[in-house]
Amino acid sequence: MKNFNFYNPTKIYFGKGEVEKVGKLVKEYGNTVLLVYGKSSIKKMGLYDQVIKLLEKEEIEIIDFGGIDPNPRIESIRKGGDLCKKHNVDLVLAVGGGSTIDAAKGIASAAMYDGDPWDFYSYKVESTGALPIATILTLAATGSEMNAGSVVTNFETKEKNGWGSPYTNPKFSILDPENTYSVSYHQTGCGIVDSLTHVYEFYFSNEKAYLNDRVCEAIMKTIIYYGPKALENPRDYEARSNLMFGSTLALNGVSGFAKDFEGFNHTTEHVLSAFYDIAHADGLAVLAPHWMEYILSEKTVDKFYEFAVNVWAVNPGRDKMDVAKKGIKKVFEFYKTLDMPLYLKDLNIIDPPIDEIVNKAVKNKTIGRYVQLTKEDVKNILKSAI
C-alpha cells in the first residue's frame, strides 16, 4: 500500500426527517444564507417551501439563487459570488444534486476572491478561503456532498474542469433518501453509473491494496443490487438509502485509500460534456465499458478477473481472459438494463471532432494511471464508441 493522508470534515445527517434540523444547523454559522438550487424540481416536491420555513423560523435572511444548470456554468459561479459579497452571506446552502452542490462550492470560493473564479478551475491560483458550505442532497450520484471537489463548465472555451480546495468540503450534509423518490428513471440510472465509475477510477489501479479493493467491491455490489430495485419502485426506501450512501462512499475518500485516481473516464467525459452539454453519466456510460475492453490485456487480466468474479459473480475458470471478458460484458448488459447509452450515436453524437476532443483530453503525452494511454489509444477508444 502507498502512503496516504485522510481527513474528511463533513458531518452527515442521514435518514428520514433530518431536513428538519437545517434551520438550527445553518444558524450556527450566521444569519444570512445564499440558497442555491436548480430549476423547479425541489419546488415541485415541496422541499423548497419546507427549507424556507425552517430557515425563516430561525430568523435567517435568505438570498434566493435558483436556476443552476446541469453541468453548472462559470457564469453562475460569478453571479453567485457577487450576491454573497453584496449581501454579506454567512453560509452557502445547496439544495439539489451534484451540479447544485458543485456550484455552491465555486460560489463560496468566489465570495472570498477578488478575481475571476475561473482562475480556480483553470488552475491559475489556489483558493485562500471560502464561505461555509452546507448541502441537502436530492440525487445519489456525485458524492459531492462529502468531498471538496467541484466541476464547472466554461462553454466559451469548451472546458469542463474539476477543482477543489481544503476549504470546499461541506460543513454538513443532510441525506434523506425520501428526497430522491421523485428522481426520474433516467436520472436514477445516471446516478448509478456515476457512482460506479467513481469506484472504477480507484479500483483499477496498479497499487496493491487488498482491503481497499474489497471496500470498492462492496460499494459496487451494493449499487448494482439496489439500482434496479430503485428503478422498479422509486419509493423503495431501502433501495434509495443504499444508493444514496453508496454514492457518498464512492467519492468521499473511503474508496480511494492508498490508490491514485485513474482519470481517463472522467477527464475524457468532461471534454465531451464541454462540447455537447450531455449528462455527465451518459458520457461515462459510453466511455467506461469501451475503455475496459481496450485496456484488457495479459498485464491487466488479473484485475479484470477479480472484477468479474467478485463484483459480477461470473463463475471462476482456468481461462482468466475469458472470465475477464465476461465481466466486461456484464457491464454492457447492466447499463443496457438501465436504458443508458452505450455508444455516442445513442446521444446523437454522430460525427464528433475526435482529434479536437483527444487533444483537449490528453494534455500531456498520456492519460490514465492504471494503463497510460496515448492520443492514438484514446482516439481508438472513441472510435470504438461511435
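Among the residues in region 128-147, are any over 28 Å from GLU28 (Cα atoms), of a type outside the set (Val, Ile, Thr) and surrounded by fewer than 17 Cβ atoms within 10 Å (Cβ to Cβ)? Scanning region 128-147 turns up no residue that is over 28 Å from GLU28 (Cα atoms), of a type outside the set (Val, Ile, Thr) and surrounded by fewer than 17 Cβ atoms within 10 Å (Cβ to Cβ). Once region 338-356 is narrowed to residues that are part of a helix (DSSP H, G or I) and within 21 Å of the chain's Cα centre (by Cα), the residue that is nearest to ALA308 (Cα to Cα) is LEU344.
Taken residue by residue, region 281-292 has no member that is touching a residue at least 24 places away in the same chain (Cβ under 8 Å) and surrounded by fewer than 18 Cβ atoms within 10 Å (Cβ to Cβ). Taken as a whole, the structure leaves THR153 outside the set of residues that are within 22 Å of CYS190 (Cβ to Cβ), in contact with a Ser or Thr (Cβ under 8 Å, 6 or more places away or on another chain) and free of Cβ contacts under 8 Å to residues at least 60 places away in the same chain. With respect to ALA308, is the statement that it is touching a strand residue (DSSP E or B) at 6+ places or on another chain (Cβ under 6 Å) and among the hydrophobic types (A, V, I, L, M, F, W, C) true? Criteria not met by ALA308. Annotation note: Cβ proximity below 9 Å between a residue of region 78-94 that is at positive phi and a residue that is polar (S, T, N, Q) and in a strand (DSSP E or B) (sequence gap 6+ or interchain) occurs for ASN88/THR32.
For region 95-123, a residue qualifies if it is farther than 30 Å from ASP176 by Cα and touching a residue at least 12 places away in the same chain (Cβ under 8 Å), and the qualifying residues are MET112, TYR113, ASP116, PRO117, TRP118, PHE120, TYR121, SER122, TYR123. Between LYS39, LYS27, LYS2, LYS11, the distinction of being within 19 Å of THR248 (Cα to Cα) and of a type in the set (D, E, K, R) belongs to LYS11 only. Regarding GLY162, is this residue touching a residue at least 24 places away in the same chain (Cβ under 8 Å), farther than 28 Å from ASN31 by Cα, of a type outside the set (Asp, Glu) and assigned by TED's automatic domain parsing to the domain that holds LEU91? So GLY162 passes the test. On the basis of being acidic (Asp, Glu) and under 22 Å from TRP163 (Cα atoms), does ASP277 make the cut? Against the criterion (acidic (Asp, Glu) and under 22 Å from TRP163 (Cα atoms)), ASP277 qualifies. Scanning region 269-312 for residues being more than 15 Å from GLY327 (Cβ to Cβ) and either part of a helix (DSSP H, G or I) or among the hydroxyl-bearing types (Ser, Thr, Tyr) (or both) gives a total of 16.
As a summary of the residue check, GLU262 satisfies the conditions (1) among the acidic types (Asp, Glu); (2) touching a residue at least 60 places away in the same chain (Cβ under 8 Å); (3) part of a helix (DSSP H, G or I); (4) touching a Gly at 6+ places or on another chain (Cβ under 9 Å) except for the one numbered (3).
Taken over region 222-246, the criterion of being closer than 20 Å to MET45 by Cβ and among the hydrophobic types (A, V, I, L, M, F, W, C) is satisfied by ALA230, LEU231, ALA239, LEU243, MET244.
The values are calculated or read from the model by the stated rules, or taken from the named source; none is laboratory data. All values derive from a computational prediction rather than experimental measurement. Cβ sites come from the backbone with ideal geometry, for glycine too, and all protein chains shown count toward neighbours.
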